[in-house]
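Encoded as structure tokens, the structure appears first; notes follow it.
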Amino acid sequence: MPSERELRQRARSIKNIQQVTRAMQLVAASKMRRAQAAVLASRPYEERLRTVLNDLAPFAEPDDHALLAHREVKNVLVILVTTDRGLVGPMNVNLLRAAVKFADERPAVSYVAVGRKGINGLRRLGARVVAEFAGLTDRPTTVDTNPIARIAQEEFLTERVDEVHVAFTRFVNTLRQVPTIRRVLPLVPEDEDLDALPPLQYLFEPDAVGVLEQVLPRLVELAVFQALLESKASQYSAQMVAMRSATDAARDIIADLTLAANKARQTRITKEMLEIASGAEALAKG
Amino acid sequence: MPLKLEIITPERTVYDEVVEEVIAPGSEGMLGILPHHAPLFTLLGSGELRIKRGGMEQAIAVFGGFMDVRADRVTVLTDAAENAEEIDDQRAQAAREAAQKALELAAGSANATEGARAKASLFRALVRIRVSERRRRPR
């Protein structure tokens, strides 16, 4: 049984930890708001660009552009988007596990690792890593993410890989982030929606192939950019939640320790009282 | 028939209103779009996109991308777009001077990439300056 003094000391140090986690929670919360706003603001562009691909599909054959080419899948590239730092709960572990499961079901898989956690995780697994990116800013722009997309395109166009997927943590809301793996290449129009069929008479400037040449690489860049934004929003949401539960846990521990310390004090006082009482009794008898 | 104009960049939605006419810098030249335009998909250059709405004319600087035109809506997907109000005139002027210097330097060397880059940034600065000047003398 620890002494009352020890208990009080422990409560004090937990209180210090609680102050740290509370500060980290507040920092994460403000970054979270910004990252969430960024990901929500960027979604319309991606959705529109996807519908553009659907609109163009009837005017383009898979042979028209190398990024549309379907090949027999022998080699697969996975762009794994993780965070640079920890303290984000099980987010990175869950994603890594999903990626490994995904890789097990496929032939040869190589990786582009984004974020230190992913880089270290893949090294431990001994996976084949083509490129590593770490230390991306909190507010990434397409300028930051395009080099990642470029490597993916190069790998695909030189036929070193036959498919490219991006694995990231999709942001649903503050409490929910889902490991997601999405195909980036080859580009495929989504299932035909009959209501959304493009008009038959469609003019292209300069021409359909010229438009494709501009649109397709942009789609790849955007898929990577979007994955990064989703990951950032998830990161700060997960961090905020993790730090909040740490703060809450610290509060509970402090309450338990304080109670134990008070009990110890009560026991000590009772014992002292007894000693005094029995001492007085002995004196009276004598 | 209304014409709905949306201007969207990867970072945000810049403009979303019903307008009367759009004049856009297409890759093959300026394009005037009125309601009931034939379906058209075009690449965009960098330049000023002019919007006519309620007897007023407004300019937005757009930098590359695409424009999807249907009878009742125009969707502009561009790499970057700036309202006249957002453009920092002095910064744009400074950027123009820097770009001109870079262009002169590049002209001396044989590096074609450098020259092209300087030319592109000079062009962007000129577009910004033109758009921001339009704000000060409305027609």
**Asked** Counting only the backbone N, which residues of segment A:4-22 are under 12 Å from the spot 7 Å out from the Cα of residue A:271 toward its beta-carbon?
**Response** A:4-5
**Fill in**
Per its Cα gyration tensor (rounded if a/c is under 1.5, else prolate when a/b beats b/c, else oblate), segment B:3-84 is best filed as rounded
**Prompt:** What are the aspartates and glutamates whose alpha-carbon lies under 17 Å from the alpha-carbon of residue B:101, with same-chain residues fewer than 8 places away excluded?
**Reply:** B:114
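Ignoring ligands, DNA and RNA, what accessible area per residue does chain A give at 1.4 Å, in Å²? Working shown, then result.
Numbers: 15640 Å² over 286 residues.
Ligands and nucleic acids excluded, the figure is 55 Å² per residue.
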**Message:** For the protein assembly as shown, compute the orientation-averaged projected area of the C-alpha convex hull (one quarter of its surface), in nm².
**Reply:** 33.6
**Item:** Under 22 Å from the Cα of residue A:263 - lysines, other chains or at least 8 residues apart
**Value:** A:15, A:271
**Item:** For segment A:126-155 and segment B:8-28, distance of Cα centres in Å
**Value:** 30
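Over chain B, what percent of the accessible surface lies on carbon and sulfur atoms, probe 1.4 Å?
Values: 3630 of 7050 Å².
Carbon plus sulfur share of accessible area: 52 percent.
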**Request:** Only helical DSSP H runs with n ≥ 4 go in: add -39500 (n - 2.57) per run for the protein assembly as shown, normalise by residue count and round the 222 nm mean residue ellipticity to 500 deg cm²/dmol.
**Result:** -18500 deg cm²/dmol
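Set the Förster distance to 22 Å, then compute FRET efficiency between residue A:214 and residue B:113 from the Cβ-Cβ distance, nearest 0.05. Don't skip to the end; give the middle numbers.
On the way: r = 20 Å, r/R0 = 0.89.
So the FRET efficiency works out to roughly 0.65.
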**Request:** Tell me which residues come under 5 Å, amide H to amide H, from residue B:33 once H is placed; ignore anything under 5 positions away on its chain.
**Result:** B:22, B:23, B:24
**Fill in**
Listed by chain and number, the residues whose amide H is under 5 Å from that of residue A:170, excluding neighbours fewer than 5 places away on the same chain and using placed H, are A:178, A:180
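Averaging over every viewing direction, what projected area does the convex hull of the Cα atoms of segment A:22-241 cover, in nm²?
On the way: hull surface 51.2 nm².
Its Cα hull, projected and averaged over all orientations, spans 12.8 nm².
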**Complete:** Across the alpha-carbon set of segment A:147-286, Rg over Rh with Rh taken as the Kirkwood radius works out to 1.56
**Request:** Indicate the residues belonging to segment B:56-96 that lose 20 Å² or more of solvent-accessible heavy-atom surface (probe 1.4 Å) upon moving from the chain alone to the assembly of all protein chains, ignoring ligands and nucleic acids.
**Result:** B:66, B:68, B:70, B:77, B:79
**Complete:** Under 5 Å from the placed amide H of residue A:87, counting only residues 5+ away or on other chains, we find none
**Item:** Partner lysines for residue A:232 [C-alpha distance under 26 Å; skip if fewer than 8 residues away on the same chain]
**Value:** A:31, A:101, A:117
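The values are calculated or read from the model by the stated rules, or taken from the named source; none is laboratory data. Quick caveat, the model's predicted, so the values are computed rather than measured. With ideal geometry, Cβ positions are generated from the backbone for all residues, glycine too; neighbour counts draw on all protein chains shown. Note: areas computed on protein heavy atoms with side chains; ligands, DNA, RNA excluded. Shrake-Rupley method; radii C 1.70, N 1.55, O 1.52, S 1.80 Å.
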